[in-house]
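The structure appears right after this line, and notes come after that.
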Amino acid sequence: MTEHVFFLVGLAFLLAHEMDAVRLHEWRLLPVLSRLDDRVGFLVFTGLHVPLYLLLFFLAFNADAGTIRIMIVTLDVFFVVHVGLHLLLRNHPCNEFRSLFSWSLIVTAGIAGAIDLTQAAAP
């Protein structure tokens, strides 16, 4: 995975963003979770990340090279799309992602994913 250093950078920034997302009540922006009160929304939002992280780590440490490659490309694309989602939701009344710090986490993950995708496509 050392040839995917930008993927690792993107992943680190996305994971840090997810920590920030808990602080900033990101579940309020999500269609189903936004209906929950904050106590339950926090529990569900945070709890849903456990199986996602488990799957991510399991694949990263146990999957064959082809599966790992699919995971990396899929997450790289997500890093980029995720920036777009935050741009689309920037005026949402419950959006608390306003600081330079929050946006730095989001955008840096997207840039790193885009760079990794570009490098992966190079011969």
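The values are calculated or read from the model by the stated rules, or taken from the named source; none is laboratory data. What you see is a predicted model; the values in this text were computed from it and never measured. Don't worry about glycine lacking a Cβ; one is built from the backbone with ideal geometry, like all the others, and counts go over all protein chains shown.
Every residue, every condition in (1) basic (Lys, Arg); (2) surrounded by fewer than 12 Cβ atoms within 10 Å (Cβ to Cβ), yes or no:
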position: 18; (1), (2): no, no
position: 41; (1), (2): no, no
position: 54; (1), (2): no, yes
position: 69; (1), (2): yes, no
position: 82; (1), (2): no, no
position: 109; (1), (2): no, no
position: 121; (1), (2): no, yes
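Residues in the range 79-103 that are free of Cβ contacts under 8 Å to residues at least 60 places away in the same chain and assigned to a helix (DSSP H, G or I): 80, 81, 83, 84, 85, 86, 87, 88, 100, 103. Collect the residues in the range 7-29 that are over 18 Å from residue 108 (Cα atoms) and part of a helix (DSSP H, G or I), keeping them in residue-number order. 22, 23, 26, 27, 28, 29, listed by residue number.
Of the residues 24, 29, 33, 14, the single one that is crowded, with 16+ Cβ neighbours inside 10 Å, touching an Asp or Glu at 6+ places or on another chain (Cβ under 8 Å) and under 27 Å from residue 93 (Cβ atoms) is 24.
Number of residues in the range 30-69 that are small (Gly, Ala, Ser), under 29 Å from residue 118 (Cα atoms) and assigned to a helix (DSSP H, G or I) equals 3.
Does the range 81-123 hold any residues that are of a type outside the set (Gly, Ala, Ser) and within 16 Å of residue 8 (Cβ to Cβ), and which are they? Before the answer, list the steps.
Applying the first criterion (of a type outside the set (Gly, Ala, Ser)) to the range 81-123 yields 81-83, 85-98, 100-101, 103, 105-108, 111, 115-119, 123.
Of everything in the range 81-123, those that are of a type outside the set (Gly, Ala, Ser) and within 16 Å of residue 8 (Cβ to Cβ) turn out to be 105, 108, 111, 115, 116, 117, 118, 119.
For the range 84-101, what are the residues that are crowded, with 19+ Cβ neighbours inside 10 Å and more than 12 Å from the chain's Cα centre (by Cα)?
Of the range 84-101, the ones crowded, with 19+ Cβ neighbours inside 10 Å are 86, 97.
Once the filter is applied, which keeps residues that are crowded, with 19+ Cβ neighbours inside 10 Å and more than 12 Å from the chain's Cα centre (by Cα), the range 84-101 yields only 97.
For the range 61-97, a residue qualifies if it is charged (D, E, K, R) and within 18 Å of residue 30 (Cβ to Cβ), and the qualifying residues are 90, 96.
As a summary of the residue check, residue 2 satisfies the conditions (1) at pLDDT 95 or above; (2) more than 20 Å from residue 101 (Cα to Cα); (3) of a type outside the set (D, E, K, R) except for the one numbered (1).
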